[in-house]
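Okay, structure first, notes after.
The values are calculated or read from the model by the stated rules, or taken from the named source; none is laboratory data. Please read all numbers here as calculations on a predicted model, not as lab measurements. Glycine also receives a Cβ, built like all others from the backbone with ideal geometry; neighbour counts cover every protein chain displayed. Protein only, heavy atoms only, side chains kept; ligands, DNA and RNA dropped before computing areas. Shrake-Rupley method; radii C 1.70, N 1.55, O 1.52, S 1.80 Å.
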Amino acid sequence: MKELEQQVAVVTGGSRGIGRAVALRLAHAGADVAVVARSEEACASTVEAIRAMGRRAWALAADVTQTASVENAAARILGQTGRVDILVNNAGITRDMLLMRMTDEDWDAVLATNLKGAFLFTRALLRPMLKQRNGRIINITSVIGFTGNVGQANYAASKAGLIGFTKSCAREFASRGITVNAVAPGFVETDMTAVLKEEQRQAVLARIPVGSFGKPEDVAHAVWFLALPESRYITGQVLTVDGGLSM
Ligand code: NAP
């Protein structure tokens, strides 16, 4: 029997990039996976790949910033499976701009997606985990949450907030068998970082001790580790996956 067999995972932002790699890694370990993105079509390729592994998979269209949308998605997944064992709050966006020129919309959109989205999904799926007296919640933060970055005040605030959120939830749920941890990637090659200019990429690369950018699978490996039953004694932690960038 595989290590996550008979478990159900929900991965937000599972359509692409890190979330897709996480969904596939958990499925490879035996989990059935609900893949969340803003449209069902966006989830289709991840869902297909999971089903090809012989696991159950569901495409869930939900906007993580909207309470009703999240609660509706949570009800749909619970209606199908009756349980959720692993929640990965991964959906995230950037709206980079120097603070002087940052708009209210840039600030609000990033905080709503990266931070409020994790709050809404955690609250929506907490009850079944409490009942089961078992659960794994893994929030995808960023090294920017502890280093800060020019042009990313909104993003850094959201990711630092996610770390405080992670630790508070870890304390609240610990006695019920639910662990809550964060994974902090450095620079990972996805659509999010593809928009950066070559000189920006090279400047970051020069600061990474292992000498290469991260792959989505590098982050997925850390999530898999924290999701394992054997990780039951690890909670409230931030596991950095950055090739040494932020040490
Ligand atoms: P990405 O390739 O841009 O993918 C973002 C994902 O989030 C997509 O699946 C997108 O789905 C989903 N999403 C965005 N807004 C959403 C919303 N309102 N409701 C539901 N889903 C939404 O990004 P990535 O690089 O894989 O990043 C994933 C996570 O890792 C983010 O939290 C990011 O901050 C974090 N991270 C990334 C890096 C990096 O270097 N790439 C580094 C540190 C941390 P649709 O657009 O299909 O709806």
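Okay, here's what the table says:
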quantity: Gaussian network model of the chain, springs between alpha carbon atoms under 10 Å - residue of A203, A157, A220 with greatest fluctuation; calculated: A203
quantity: Calculated over region 1-68: convex hull of Cα atoms, volume per residue (Å³); calculated: 73 Å³
quantity: Crossing angle, helix 17-28 versus the chain [Cα axis fit, 0-90 degrees, rounded to tens]; calculated: 30 degrees
quantity: The chain - percent of accessible surface contributed by carbon and sulfur, probe 1.4 Å; calculated: 52 percent
quantity: Cα centroid separation - region 15-54 against region 155-208, whole Å; calculated: 20 Å
quantity: Within region 1-52, trypsin sites (Lys or Arg not before Pro) in DSSP loop having at most 12 other beta-carbon neighbours inside 10 Å; calculated: K2
quantity: Ellipsoid equivalent to the chain - semi-axes via the Cα gyration tensor, in Å; calculated: 27, 19, 18
quantity: Sequence-separation-based contact order of the chain, relative, with Cα cut under 8 Å and 6+ spacing, percent; calculated: 19 percent
quantity: For region 7-73, accessible area per residue (1.4 Å probe, heavy atoms of protein chains only), Å²; calculated: 38 Å²
quantity: Restraint check, K2/K167; K167/K197; K131/K159; K159/K215, Cα-Cα greater than 25 Å; calculated: K2/K167; K167/K197; K131/K159
quantity: Highest-fluctuation residue, A160, A68, A27 considered, GNM on the chain with Cα pairs under 10 Å; calculated: A68
quantity: Heavy-atom accessible area per residue - region 96-247, 1.4 Å, Å²; calculated: 52 Å²
quantity: For region 195-247, convex hull of alpha carbons as volume per residue, Å³; calculated: 102 Å³
quantity: The chain - mean residue ellipticity at 222 nm from DSSP helices (-39,500 (n - 2.57) per run, n ≥ 4, rounded to 500); calculated: -14000 deg cm²/dmol
quantity: GNM flexibility winner over the chain from G54, G186, G145 (Cα, springs under 10 Å); calculated: G54
